Amino acid sequence: MTKQASSRLSTGFTIVELLVVIVVIGILAAITIVSYTNLSKKATEAALVSDLDNAKKQLSIFQAENDKYPDTIRCDIPDSSTNKCIKTGSGDSFNYSPNRLNDPSSYILAKTKSNTSYVITNDSQPAAIALAQPEACPSGFIPVPGSLTYGTSGFCVMKYEAKNAGGNVPVSAASGSPWVDITQNMAIINSANVAGCTGCHLITEAEWLTIAQNVLGVASNWSSGVVGTGYIYSGHNDGTPDNSLAASADNDGYSGTWQGSPSNQKRTLTLSNGQVIWDMAGNVWEWTAGKSTNDKPGDINNTYLSWIEWPTINVNGSLSPSPTPVMTGIDGAASWNSTKGIGQLVSDVKDITQKGFVRGGLWATGDAAGIMALYINFAPDFEGGAVGFRVAAPAP
């Protein structure tokens, strides 16, 4: 072998050449991983859509045969006039909510697989839903996890009742009095004025109920430390002092109420993600975006407009989502009344004029105030010194 040939054989790759090869391999691997991830996600989504479409067909057949949708879709008990087994894959499960106290001809059905969730209703097609809470929110807002029950993706909401920063710009701040003397119509318009917020809007019924469902399921919000035992804190509602209050530090939930623990006057509630929200019950009424004409729930025997307990409702109405405590899906909620701190309902089932929804109660509502309290008697153009609002925003 010649010296020149031997030299060529002993020459290897340079460090630069090796680095180039490694970089190229890394790029190809990254492309492969991304492609696989996308394909896997699409396969998961396709499976969820297929499962929900199939379930919808089975529920439609059940409804045609029984004039209602089933109360349950369990497979560990026999099929009956109230149950329909809908099978799913190993390790998967459906989240099913029939609107029994709202409309027996409707339901919400959801399924989650590999951190991907889809939801379907009796009159809609499968749609993706992001239950995870937003990673960032506008200033003064807190993140809220979504709810399969109410069909909400994770969203942001004002930590405090809206205050007027001037120029009809809502702001979420602890200091100052809540912005009141505003109609529902103007609350809808002005909610979009929050500085630096895209998509800000007056909180919807589904969003309010998502928060209510969440805080009702957190043990520390209950006087006993056990969900459903004792009462959930219902805010400043005893008329002492006889006015609305500014908020304070999160560790001072009784601020301004002249009360302390143990008392139902605590103004803060804690979400499952540890976030604290102020005055969802008591202090001032709050408009939501909800409106209704002749489809209100209530008591047909109620000859004059008055507060009624949720378990005494004998007219279901057809509101969507259902505002009833039982729809939260929490054990025992069907029997909860104002002694549990959830509040009461005012609604005239015979009234066919349009009314806007106000929530939570005010500083002198007493036991009628609470996270589920609902007053359906103000027209959307009503304004009063005890009615304010709160703004929500979609995940960025």
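Details
- In the stretch 106-156, counting only strands (runs of 3 or more DSSP E) that sit wholly within it, the ones holding 2 or more residues that are closer than 20 Å to LEU269 by Cα span 141-144.
- Of all the listed residues (LYS291, LYS296), the sole one being under 22 Å from ALA162 (Cβ atoms), not aromatic (Phe, Trp, Tyr) and not assigned by TED's automatic domain parsing to the domain that holds ALA110 is LYS291.
- Residue identified as farther than 25 Å from ASP348 by Cβ, assigned to a loop (DSSP other than H, G, I, E, B) and in the same structural domain as TYR375 (by TED's automatic domain parsing) among GLY282, GLY256: GLY256
- Search result, residues across the stretch 337-354 that are in a loop (DSSP other than H, G, I, E, B) and either hydroxyl-bearing (Ser, Thr, Tyr) or surrounded by fewer than 19 Cβ atoms within 10 Å (Cβ to Cβ) (or both): ASN337, ASP348, LYS350, ASP351, ILE352, THR353, GLN354
- When ALA379, ALA334, ALA393 are checked against the criterion of being aliphatic (A, V, I, L, M), at pLDDT 95 or above and surrounded by fewer than 16 Cβ atoms within 10 Å (Cβ to Cβ), ALA379 stands alone in meeting it.
- Residue check for PHE357: hydrophobic (A, V, I, L, M, F, W, C), at pLDDT 95 or above, on the phi < 0 side of the Ramachandran plot and in a loop (DSSP other than H, G, I, E, B): no
- Odd one out for ASN294, checked against (1) touching an Asp or Glu at 6+ places or on another chain (Cβ under 9 Å); (2) of a type outside the set (Lys, Arg); (3) part of a strand (DSSP E or B): (3)
- Residue match in the stretch 128-146 (condition: at pLDDT 75 or above, within 22 Å of TYR69 (Cα to Cα) and not aliphatic (A, V, I, L, M)): no
So that you can scan it fast, the table gives a plain yes or no per residue for (1) under 28 Å from ILE376 (Cβ atoms); (2) free of Cβ contacts under 8 Å to residues at least 40 places away in the same chain; (3) within 19 Å of the chain's Cα centre (by Cα):
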| residue | (1), (2), (3) |
| --- | --- |
| ALA174 | no, no, no |
| THR183 | yes, no, no |
| MET186 | yes, no, no |
| THR240 | yes, yes, no |
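- Long-range neighbours under 6 Å by Cβ, at least six apart or interchain, first residue more than 17 Å from LEU209 (Cβ to Cβ) within the stretch 132-158, second in a strand (DSSP E or B) and of a type outside the set (A, V, I, L, M, F, W, C): PRO134/PRO143; CYS137/PRO143
The values are calculated or read from the model by the stated rules, or taken from the named source; none is laboratory data. Everything quoted here is computed from the prediction, not taken from an experiment. Glycine also receives a Cβ, built like all others from the backbone with ideal geometry; neighbour counts cover every protein chain displayed.
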